[in-house]
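Below is one structure; the comments refer to it alone.
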Amino acid sequence: MRFTTSLLALLCVAFPSLAAPPQLPAWFPVRGVFTINPDQLTVEDFGEDSFTLAGGKTVDVKGHHWATSLYPVPADGQWNGQEAWSKLKPALEKQGFKVVYLEAQDGGIRATLARGAEQPTYVGVTLTADDGYSNSVAIIEPAASARQLTLVPPAATPEKFGDHEGFPYLAPFAGAQLLNTRTDEGPLDVTTSADAEPHLVGSGTVAKMYDGPSGLSDLDFTKTYTSALTAAGWSVSPSQGSEVLAHYAHNGRDLWARIYRESAERWNIVVADVGTGLRAALEHECRVPLYGVTFDFNKATLRPDAESTLQQVFTALQASPVSVEVGGHTDNVGKPDYNLQLSQARADAVKTWLVAHGIAAQRLTTHGYGDGVPVAPNTSDLDRAKNRRVELKKAGCQ
């Protein structure tokens, strides 16, 4: 028996499809009451769900989380919500659960049951009268997030890593597997709810896709990464759903990271290394867009969040002998004459900043192009944001 059990465990590791399908907690009565589809079952080590209590009050509860749809017994049988409730309620009451909310309507049942005083276990069920495809259960058991993630702050000198390696400064969760690495041209969208218009940074991105670990909820994903990033010196924007957006502007670095989930076990880290990308582009390209150099709306006043990108431009020009034209560009909103003036004023503002910080004025010229040189169609907010840009153009380049 010991050999057989060990062999089965090894096979389950080598062939995940042989592993036992996820189940609801052993104490929850399923046999003879419902059937479930394991492919539709959510099991999270630390997740969140909402439950209705007495008086219609709703409470959000965190802990070990299960959620799934419920089906008739047998799976192709007829659904009877009242009959299912008459079996479920006493079975849970025998285990110490009490009904804390009950709503009976149109022959169906919506109920919440709880067990325990200080940190209850909650069960929430929705049981229709006779619809076998609209029934569900959610369960939360008390539990704290046990995931740990420690990140090393980015170094002053850009790190070297390959496609089969993770970002040195953005470690994945334990048990995650790197699936692929993608390199894309163009800026990274770092827009948040606090931005009045799209916010783009950088001139290219590196993205790494991961799979696993299992049992990771959106809550645990964002909470763990937010804590680890903050501890490593990153500035983290309020999370949006299953996404974390962070900015690192220390040690002469300017890094943006967008970390987001595609599904329960598939997730991505996308990084725009503004300084490294800028220096490489200035060396090899004629024109370098400076996404991240932002202005107040309809003005030529540099915004505070443009400072980190401008510092990278200053560092790149310090390390290179080239002379450049600072070109200002707008989208096609507004009158052409006004856009031309605005683009010139914005180019002048960037030159003024660079000269004030030590770049020789004779190395810099400025030119306002208005909306005459778009890089994207002016048909969406995001594309118009790509057209609203400042560019460096090396002298002698066409």
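The values are calculated or read from the model by the stated rules, or taken from the named source; none is laboratory data. Computed from a predicted model, the values in this text were never measured in an experiment. Here Cβ is always computed from backbone atoms with ideal geometry, including for glycine, and neighbour counts include all displayed protein chains.
Here are the numbers for this structure:
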quantity	calculated
Some residue of the range 145-154 being farther than 21 Å from ARG261 by Cβ, among the polar types (S, T, N, Q) and not assigned by TED's automatic domain parsing to the domain that holds LYS62	no
Residues that are closer than 30 Å to PHE297 by Cβ and buried (at least 17 other Cβ atoms within 10 Å of the Cβ), drawn from the range 160-190	PRO187, LEU188, ASP189, VAL190
Yes/no for VAL350 being touching a Leu at 6+ places or on another chain (Cβ under 9 Å) and part of a helix (DSSP H, G or I)	yes
Flag if LEU127 is surrounded by 17 or more Cβ atoms within 10 Å (Cβ to Cβ) and not assigned by TED's automatic domain parsing to the domain that holds ASP211	yes
Number of the condition not met by ALA129 [criteria: (1) under 19 Å from PRO25 (Cα atoms); (2) in contact with a Gly (Cβ under 7 Å, 6 or more places away or on another chain); (3) among the hydrophobic types (A, V, I, L, M, F, W, C)]	(1)
Residue among ASP39, ASP60 that alone is more than 18 Å from LEU92 (Cα to Cα) and part of a helix (DSSP H, G or I)	ASP39
Residues within the range 255-277 that are farther than 18 Å from ALA207 by Cβ and either buried (at least 19 other Cβ atoms within 10 Å of the Cβ) or among the hydroxyl-bearing types (Ser, Thr, Tyr) (or both), tallied	1
Restricting the range 227-254 to residues that are more than 30 Å from LYS393 (Cα to Cα) and more than 16 Å from the chain's Cα centre (by Cα), the residue that is surrounded by the most Cβ atoms within 10 Å (Cβ to Cβ)	ALA232
Pairs with Cβ under 8 Å, 6+ apart, first in the range 32-43 and farther than 10 Å from THR68 by Cα, second loosely packed, with under 12 Cβ neighbours inside 10 Å	THR35/PRO74; THR35/ALA75
